[in-house]
Amino acid sequence: MTELPRKTDKKLGLVIDLDICVGCHACVVNCKEWNTGGYGAALSDQNPYGDDPSGTWLNRIHTYEAGEGADTRVVHFPKSCLHCDDAPCVTVCPTGASYKRADDGIVLVDESMCIGCGLCAWACPYGAREMDLAEGVMKKCTLCVDRIYNEAFEEVDRVPACVRTCPANARHFGDLADPTSDVSQMVAARGGIDLMPEQGTKPVNKYLPPRKGTPIGEALPAAHRPGGEDDLSATGFLGWVDDMLSRFG
Amino acid sequence: MHPALSIIFFTTLSGLGYGLAAVIGVGLVDGASAAGRIGYVLALGLIAGGLLCSTLHLGHPERAWRALTQWRTSWLSREGVLAVITFVPLGLAAIGSVFLAEVWVLPAFLAAVLCLVTVYSTSMIYASLKTVHQWHCGLTSAVFLTFAVSGGLLLAAVLEALTGGGSPTVPMLALIVFGVALVVKVMWWRRAGAEKGPSTIESATGLGPLGLVRLLDRPHTSENYLTREMGFRIARKHSEVLRRLVFLAGFAVPVLALVLALISAQTVAALALVTGVLSHVVGILIERWLFFAEARHAVMLYYGDKTA
């Protein structure tokens, strides 16, 4: 049913720390690895070994540069479905294949009902939905529904594949409706933000902005700053050598 | 946005068909006349052909019937439901007209109203998307509706000229609606060129507080579904020329043909109007192509666009 639930008891989602992500793409690869054999159709590739390879991915990392001059920052930016409270991809679906679960807020596609019209991908501002060109159905992040409730797994593995695999611990999973959860506290402490709040989608996933860094100049030891070597003055024996060499210089 | 031929033909053909059916339905063309009877057959053909084209766009056309279920929230579903419902009064009116040469006023009028509501719901599929700011406005519906009605009136004028019946009413009205349609489209183009969407690369990444944001690396070196579907930009550099072509083929030639038809004998009028219709169809196909090709989607902000 494409009507959104008025309220979901839980809001399961991700918190992504942009200060920590190193852009290694491990979450991208593990997402594809897990989900190509998990929920629904496999994630196909087109022309994978040719000149122009492409394929279906549910999680992608972009890299941006922000700021000017010495304050410029490079930020690696993982992006997957944000499981929005007001998910526009769900309401535009003509068949009822897209839905948001009332109990945990996860946005899913019932692939057996999807006609592959692509309208949900047009409605999503985040690029979270990709049509699988081999299957002709829409694919998206499932928040690894087939892992997080899977009692055959050990507790530590009952998190989305991207979270489990992140070597830098930049991705966190939890209930964002519960103010006492780790993820909610992280968001509160670091001022977690919504992407494109002006689109009115009310995303559940939050991003933790990079902390204020030290400007490039100040982060360096004195000798390594631009023009720094001229200011050095050695003392003792090395001072004498420096003095002697300067006389012949 | 990627201009899919299936959708371009669907909106063009079904728009013309619904426009023509509405023109006959409200009695501007006598449903019992030869023009009215041929008109109903032509309108049904255009509508059915357009709807068939639209299913070519689907990954699973065999499940298309499911699209009739979510009319509570989805404009695409509403359009499907309205298209099916419209066939009932339209089919009845066509049966009365084509087989019995009778005008059944009630179904004909009901069909006319439903035709226009269906065209409106088609326009709302696009106008309701916040992600494509150029589409997200009331003018989009105005464009679809005025184009459908002007095209329908033009087709009706041709049929009347070819069958030797009719009054100057239809071509006169067509001239007026063509004028309105052109004004609406020019307003739409102006807005599309002048207004930016609410999102920027800074709001998309949330990195605005650090300063201006630039894309350093895409996720992958090659194109993907998103950049192919939402990042189409091949012909934008030709858009000025193509807009002039839309004006020329879609408006100037049909208007000249209508004027010529009003002042000349039947043979010349018919010849001019047939040329006018063919030219108009080419013009609308280009206009629809531009409607998609020029539209910028917010997701491309993640791929380096500064504004959407």
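The values are calculated or read from the model by the stated rules, or taken from the named source; none is laboratory data. It should be emphasised that the depicted structure is a prediction, and the values quoted were computed from it without experimental measurement. Every residue, glycine among them, receives a Cβ derived from its backbone with ideal geometry; neighbour counts consider all protein chains shown. We work out accessible area using only protein heavy atoms, side chains counted, and drop any ligands, DNA or RNA first. Shrake-Rupley method; radii C 1.70, N 1.55, O 1.52, S 1.80 Å.
Look at the stretch A:16-32: where a residue is over 16 Å from B:Arg218 (Cβ atoms) and a partner is at pLDDT below 95 and open to solvent by 20 Å² or more (accessible area, probe 1.4 Å), sitting 6+ places away or on another chain with Cβ atoms under 8 Å, you get A:Asp19/A:Arg211. Each residue in the stretch A:16-73 was checked for being touching a Cys at 6+ places or on another chain (Cβ under 8 Å) and in a strand (DSSP E or B), and 2 of them qualify.
With respect to being open to solvent by less than 30 Å² (accessible area, probe 1.4 Å), of a type in the set (Asp, Glu) and over 29 Å from B:Leu258 (Cβ atoms), B:Glu102 falls outside the description. Within the stretch B:73-86, does at least one residue satisfy the condition of being among the acidic types (Asp, Glu) and within 23 Å of B:Ala181 (Cβ to Cβ)? The answer is yes; a qualifying residue exists.
Each residue in the stretch A:74-92 was checked for being assigned to a helix (DSSP H, G or I) and within 20 Å of A:Ser44 (Cβ to Cβ), and 0 pass. Considering the stretch B:209-231, and only residues there that are of a type in the set (S, T, N, Q) and more than 7 Å from chain A (Cβ to nearest Cβ), the residue that is surrounded by the most Cβ atoms within 10 Å (Cβ to Cβ) turns out to be B:Thr227.
Each row is one residue, and each column tells you yes or no for (1) of a type outside the set (Gly, Ala, Ser); (2) more than 9 Å from chain A (Cβ to nearest Cβ); (3) closer than 13 Å to B:Thr118 by Cα.
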| residue | (1), (2), (3) |
| --- | --- |
| B:Ala32 | no, yes, no |
| B:Gly39 | no, yes, no |
| B:Ala48 | no, yes, no |
| B:Leu52 | yes, yes, no |
| B:Arg63 | yes, no, no |
| B:Arg72 | yes, no, no |
| B:Ala93 | no, yes, no |
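The set of residues in the stretch A:14-35 being among the small types (Gly, Ala, Ser) and closer than 18 Å to B:Thr205 by Cα consists of A:Gly23 alone.
Examine the stretch B:86-96 for a residue that is buried (at least 23 other Cβ atoms within 10 Å of the Cβ) and closer than 19 Å to B:Thr163 by Cα, and state whether such a residue exists. Yes, the conditions are met somewhere in the stretch B:86-96. Do we have B:His280 as away from chain A (no Cβ under 14 Å) and open to solvent by less than 10 Å² (accessible area, probe 1.4 Å) here? Yes, satisfied.
When B:Val246, B:Val241, B:Val259 are checked against the criterion of being open to solvent by less than 60 Å² (accessible area, probe 1.4 Å), in a helix (DSSP H, G or I) and farther than 16 Å from B:Thr131 by Cα, a single residue qualifies: B:Val246. Among all positions in the stretch B:75-89, there is no residue which is part of a loop (DSSP other than H, G, I, E, B) and closer than 16 Å to B:Val117 by Cβ. Applying the criterion of being at negative phi and exposed (fewer than 15 other Cβ atoms within 10 Å of the Cβ) to the residues of the stretch A:43-52, the residue that is nearest to the other protein chains (Cβ to nearest Cβ) is A:Asp52.
Being under 19 Å from the mean Cα position of the chain (by Cα), closer than 27 Å to A:Glu3 by Cα and open to solvent by less than 50 Å² (accessible area, probe 1.4 Å) is the requirement here; does B:Ala83 meet it? Before the answer, list the steps.
Numbers: under 19 Å from the mean Cα position of the chain (by Cα): yes; closer than 27 Å to A:Glu3 by Cα: yes; open to solvent by less than 50 Å² (accessible area, probe 1.4 Å): yes.
When the stated conditions are applied, B:Ala83 passes them.
Within this structure, B:Leu44 fails the test of being open to solvent by 30 Å² or more (accessible area, probe 1.4 Å), within 14 Å of another protein chain (Cβ to nearest Cβ) and part of a helix (DSSP H, G or I). Is it true that A:Trp34 is surrounded by 21 or more Cβ atoms within 10 Å (Cβ to Cβ) and either within 25 Å of A:Val75 (Cβ to Cβ) or among the β-branched types (Val, Ile, Thr) (or both)? Against the criterion (surrounded by 21 or more Cβ atoms within 10 Å (Cβ to Cβ) and either within 25 Å of A:Val75 (Cβ to Cβ) or among the β-branched types (Val, Ile, Thr) (or both)), A:Trp34 does not qualify. Restricting A:Asp86, A:Asp71 to those that are of a type in the set (Asp, Glu) and either outside the structural domain of A:Pro160 (by TED's automatic domain parsing) or out of contact with any helix residue (DSSP H, G or I) (no Cβ under 8 Å at 6 or more places or on another chain) (or both) reduces the list to A:Asp86.
Restricting attention to the stretch B:11-41, the residues being open to solvent by 40 Å² or more (accessible area, probe 1.4 Å), more than 17 Å from B:Phe87 (Cα to Cα) and in a loop (DSSP other than H, G, I, E, B) number 3. Mind counting the residues in the stretch A:71-92 that are open to solvent by less than 20 Å² (accessible area, probe 1.4 Å) and either basic (Lys, Arg) or modelled with pLDDT under 95 (or both)? The number of residues fulfilling the criteria is 1. Once the stretch A:58-70 is narrowed to residues that are open to solvent by 20 Å² or more (accessible area, probe 1.4 Å) and at the interface with chain B (Cβ under 7 Å from one of its Cβ atoms), the residue that is farthest from B:Pro219 (Cα to Cα) is A:Glu68. Every listed requirement among (1) acidic (Asp, Glu); (2) in contact with a strand residue (DSSP E or B) (Cβ under 6 Å, 6 or more places away or on another chain); (3) touching a residue at least 40 places away in the same chain (Cβ under 8 Å) is met by A:Asp182 save one, (3).
Counting the residues of the stretch A:85-125 that are in contact with a strand residue (DSSP E or B) (Cβ under 7 Å, 6 or more places away or on another chain) and of a type outside the set (D, E, K, R) gives 16.
Rundown of residues vs (1) touching a residue at least 12 places away in the same chain (Cβ under 8 Å); (2) of a type outside the set (A, V, I, L, M); (3) touching an Asp or Glu at 6+ places or on another chain (Cβ under 9 Å), yes/no style:
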position	(1), (2), (3)
B:Leu56	yes, no, no
B:Glu62	no, yes, no
B:Thr69	no, yes, no
B:Arg72	no, yes, yes
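Residue pairs whose Cβ atoms lie under 6 Å apart, separated by 6 or more positions or on different chains, with the first residue in the stretch A:1-15 and away from chain B (no Cβ under 14 Å) and of a type in the set (Asp, Glu) and the second surrounded by fewer than 18 Cβ atoms within 10 Å (Cβ to Cβ) and in a loop (DSSP other than H, G, I, E, B), are A:Asp9/A:Asp103.
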